[in-house]
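Engineer: Sharing a structure below in structure tokens format, with a few things to ask.
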Amino acid sequence: MADRYPNHPGAKGKGVTRETSEAAADAIAPSVCYLQGVVLRRLEELGAATVLETVATTVFPRESLQPRFSELRRMGMVEPTGQRRRNPSGKPAAVLRPTEKGRAWLKGRTDAH
């Protein structure tokens with residue numbers, strides 16, 4: 001599973017925990033491209049935002065979107081701005097923005113539809 005990441009959701013753990021994680025990754029896999037598009041579109045509209053700021057502007061649960069940020073970073077479509085903001089728990093969170101590659105991917109998806 002790990003060798004397919006970020007093009008397929010990742011899984012963690014060992015034994016039964018790993019099996020559960022792999023089943024969850026397989027279950028969300030058909031929606032991943034769509035959800036990555038949601039994240040990129042929202043970041044593009046916001047300019048730059050933390051994960052939680054972005055998630056708060058959608059109808060999707062954090063658990064569905066947060067992993068998409070990691071995938072998009074690994075794919076070079078999202079990058080940190082260098083800024084940090086406090087999230088509701090008080091912990092600092094990286095502010096992210098789409099890269100040129102991410103914007104080009106979005107433009108291609110928009111032009112295709």
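Nothing in this text is a laboratory measurement; each read-out follows from the coordinates by a stated rule. None of the values given here were measured: they were computed from a predicted structure. Quick reminder, even Gly has a Cβ in these numbers, built from the backbone with ideal geometry, and neighbours come from all protein chains shown.
Engineer: Any idea how far apart ARG74 and THR57 come out in nm if each label point goes 7 Å out from Cα toward Cβ?
Structural biologist: Result for the modelled spin labels: 2.5 nm.
Engineer: Evaluate the distance, in nm, between pseudo-label points positioned 7 Å from the Cα of ARG109 and of GLN66 along their respective Cα→Cβ axes.
Structural biologist: Output for this residue pair reads 2.1 nm.
Engineer: For THR57, what residues show an amide H to amide H distance below 5 Å, using hydrogens built from the backbone and excluding near sequence neighbours?
Structural biologist: For THR57, no residues qualify.
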